[in-house]
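The values are calculated or read from the model by the stated rules, or taken from the named source; none is laboratory data. A quick note: this is a predicted structure, and the numbers were derived from the prediction, not measured. Neighbour counts run over all protein chains shown; Cβ positions are idealised from the backbone, glycine included.
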Amino acid sequence: MTSTVRSPSTPPIRKRTAKQRIAFATVLLLGGLGLIIFLSLTQGSVSLTSGEIANALLRRGDPIHETILWDLRLPRVLAALVVGAALGLSGALLQGMLRNGLASPFLLGISAGAGLVAVLVVGVGLLQIWVPIGAWLGAVLTTLMVYLLARRGTTISVERLVLGGVAFSSFFGAIQSLLLLMSPDGQIQAALNWLIGSLNGRGWNEVTVVGPVISLATIAGCLLARQVNLLSLGDDLATGLGTSLVRSRCLVGAVATLLAASAVSVAGLIGFVGLIVPHGVRLLVGTDYRLVLPFSTLGGALVLSAADLVARVGPVELPVGVDTAVMGAHVFISMLYRRRAGGA
Amino acid sequence: MPVEARQLDGGYGSRPVVEGVNLSIQTGEWLSLLGANGSGKSTLLRLLSRILKPQGGAVILDGQDIQTQSPTTIARKLALLPQQQTLPDGLTVYQLVSLGRSPHQPWWQWELDEAGRSKVNEALEWTEITHYRDRPVSNLSGGARQRAFLALALAQDPKILMLDEPTTFLDLHYQLQLLELLQRLNRQQNLSIVTVLHDINLAVRYSDRLALLRQGRLWGVGTPSEMLTPETLGAVFDIDTKILSTPVGPQICALGAIAPDDDP
């Protein structure tokens, strides 16, 4: 984004070679994921040893352990991994496409659209099962409106996308607040839980419905890496290199929206994962989106499963959205500080 | 002839900035577009390179209307260096130049093939930035950065190179260095070059032909010696000039600005 020249007095940062950085990032993320998955399966109100886990996995031993593993912990870990991966990749795609480090999966109105419909569904008194579908539709429809607004003639401008997203977000956010104020207490609680984002009680249903969609979208998203690399060079240069701006922006936007909407439909509005994970990944592997996209997928899965573990094992179970926001804000501020100090 | 504009109209709003331009660019020639601010030079370049869609007329590339050719097909023949580039933080010179191979790569191809890598290396050698290949582009000086973007365009392996004010923001040393590099490419690789240049003297010195624009219309096209008369320059730029004979050929000494008589 910037074209500022670093002052000549800044010493050149001695960097590891590209291959070493990729190997380091792979070991770090995969090792971290392995550790978090292991801890998530063993830790909780009932601690299990690795032997008990192995037995339960093979459907041997104590049936209570089997239930804890197969019906409670395993689907929840999987849900955290899938939702986190979707948020991380969605954020990376949008930050690349919009050439804006502040972009997150929710920038294009996804959170506002999903939130409004979810609150409406709760408010009308429909069954809770309708919340995920409603949220998904709300997210997709809002993004569609933002895109139509940003379309001008035969082009789609980045500025209009961002401004449209912000405008719809504040408009829908206001209606949502109004609805919350007018609704009775019990409903507010249900709606708030969803708006903050939580993985509590997510089971095989959610994983089996949304998992395949997110997996396919993840593959599609990673294949768009070269397009995102080109888009990051600016409109004229990207066009000159044979990119169709409208087609690329629609493809990237569609995949990012599908990912974020699916994540939101499972876990509600979990903030910050989609914003900070791509930043952290760029520090690890550089700016090439062929690396940033797959590593953001891994990074998102790691961060959300870790945050959910922390949210779950404390004395009081917190919604994971609170966790990611608290952790995320700290990480983000320290990253900004390091950047200012010339570290990044 | 590789590129031809036929009765070309184009602009940004409903009113065209460029109107009725007929112009052809020959293989291996260096054509410079000259004109006052707002005369439509950059718009014409954007029309010729398919960045902008014409409102009327057509641009013909290799005998076909460019609007009927795919963006990738055009990117294999024609490279454009826009006036201002956005630069992703931390992108290295090699990564940047590799992106120039995109039009030649099928979409599923993740890494450059052998031929692609050798083209990238060739482009780095031509622009003399091989030693910077692993440096972030944002850390380079203005002159080296502009050569990195030129290397990106060369990696496209184009027949025609279009540059919008490539020497802006460069001091005189880097201006001459860049233009001399373009001259070598032009002569040794028979690369056709179209530039928009502000500096009339540099345009005169390096171009084969000049196309002068005034208020969105083509005022005249010709060799520098044909175009370099006080009358022409007075009519196109509203300046009073004297033509000097110098060791690098005829150059302009601007004496003063004259009030245009046909300003609305």
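Quick check on B:Leu8: is it part of a helix (DSSP H, G or I) and in contact with a strand residue (DSSP E or B) (Cβ under 6 Å, 6 or more places away or on another chain)? So B:Leu8 fails the test. Taken together, A:Val228, A:Val207 contain a single residue that is away from chain B (no Cβ under 14 Å) and touching a residue at least 12 places away in the same chain (Cβ under 8 Å), which is A:Val207. When each of A:Val213, A:Val252 is tested for being in contact with a Leu (Cβ under 8 Å, 6 or more places away or on another chain), part of a helix (DSSP H, G or I) and farther than 30 Å from B:Asp89 by Cβ, the lone residue that passes is A:Val213. Taken together, the residues in segment B:127-151 that are under 22 Å from B:Ala75 (Cα atoms), free of Cβ contacts under 8 Å to residues at least 60 places away in the same chain and in a helix (DSSP H, G or I) amount to 5. Among the residues of segment A:278-290, is there at least one that is of a type in the set (Gly, Ala, Ser), assigned to a helix (DSSP H, G or I), within 28 Å of A:Asn200 (Cα to Cα) and in contact with a Pro (Cβ under 6 Å, 6 or more places away or on another chain)? Within segment A:278-290, none of the residues are of a type in the set (Gly, Ala, Ser), assigned to a helix (DSSP H, G or I), within 28 Å of A:Asn200 (Cα to Cα) and in contact with a Pro (Cβ under 6 Å, 6 or more places away or on another chain). Which residues, counting only those in segment A:232-252, are more than 10 Å from every other protein chain (Cβ to nearest Cβ) and either crowded, with 23+ Cβ neighbours inside 10 Å or within 27 Å of B:Pro166 (Cβ to Cβ) (or both)? If the condition is that a residue be more than 10 Å from every other protein chain (Cβ to nearest Cβ) and either crowded, with 23+ Cβ neighbours inside 10 Å or within 27 Å of B:Pro166 (Cβ to Cβ) (or both), then A:Ser248, A:Arg249 are the ones that fit. Scanning segment B:127-147 for residues that are within 11 Å of another protein chain (Cβ to nearest Cβ) and either small (Gly, Ala, Ser) or within 17 Å of B:Leu181 (Cα to Cα) (or both) turns up B:Ser138, B:Ser141, B:Gly142, B:Ala144, B:Arg145. Please determine whether any residue of segment A:236-243 is touching a residue at least 60 places away in the same chain (Cβ under 8 Å), in contact with a helix residue (DSSP H, G or I) (Cβ under 9 Å, 6 or more places away or on another chain) and assigned to a helix (DSSP H, G or I). There is no residue in segment A:236-243 that is touching a residue at least 60 places away in the same chain (Cβ under 8 Å), in contact with a helix residue (DSSP H, G or I) (Cβ under 9 Å, 6 or more places away or on another chain) and assigned to a helix (DSSP H, G or I).
Surrounded by 16 or more Cβ atoms within 10 Å (Cβ to Cβ) and either away from chain A (no Cβ under 14 Å) or not hydroxyl-bearing (Ser, Thr, Tyr) (or both): does that describe B:Gly35? Against the criterion (surrounded by 16 or more Cβ atoms within 10 Å (Cβ to Cβ) and either away from chain A (no Cβ under 14 Å) or not hydroxyl-bearing (Ser, Thr, Tyr) (or both)), B:Gly35 qualifies. As for segment B:83-91, it holds at least one residue that is under 20 Å from B:Glu165 (Cα atoms) and in contact with an Asp or Glu (Cβ under 8 Å, 6 or more places away or on another chain). For segment A:254-276, filtering for residues that are touching a Ser or Thr at 6+ places or on another chain (Cβ under 7 Å) and within 30 Å of B:Leu152 (Cα to Cα) leaves 1. Checking each residue in segment B:68-126 for being of a type in the set (Val, Ile, Thr) and either within 11 Å of another protein chain (Cβ to nearest Cβ) or touching a residue at least 60 places away in the same chain (Cβ under 8 Å) (or both) picks out B:Thr72, B:Thr73, B:Ile74, B:Thr86, B:Thr92.
Only one entry in B:Gln109, B:Gln95 is outside any loop (DSSP other than H, G, I, E, B), modelled with pLDDT under 95 and among the polar types (S, T, N, Q), namely B:Gln95.
The combined condition, being of a type in the set (D, E, K, R), more than 10 Å from chain A (Cβ to nearest Cβ) and free of Cβ contacts under 8 Å to residues at least 24 places away in the same chain, is not fulfilled by B:Asp157.
When each of B:Ser14, B:Ser24, B:Ser42 is tested for being assigned to a strand (DSSP E or B), among the hydroxyl-bearing types (Ser, Thr, Tyr) and surrounded by fewer than 23 Cβ atoms within 10 Å (Cβ to Cβ), the lone residue that passes is B:Ser24. Residues that are hydroxyl-bearing (Ser, Thr, Tyr) and under 14 Å from B:Thr127 (Cβ atoms) within segment B:143-181 comprise just one, B:Tyr174.
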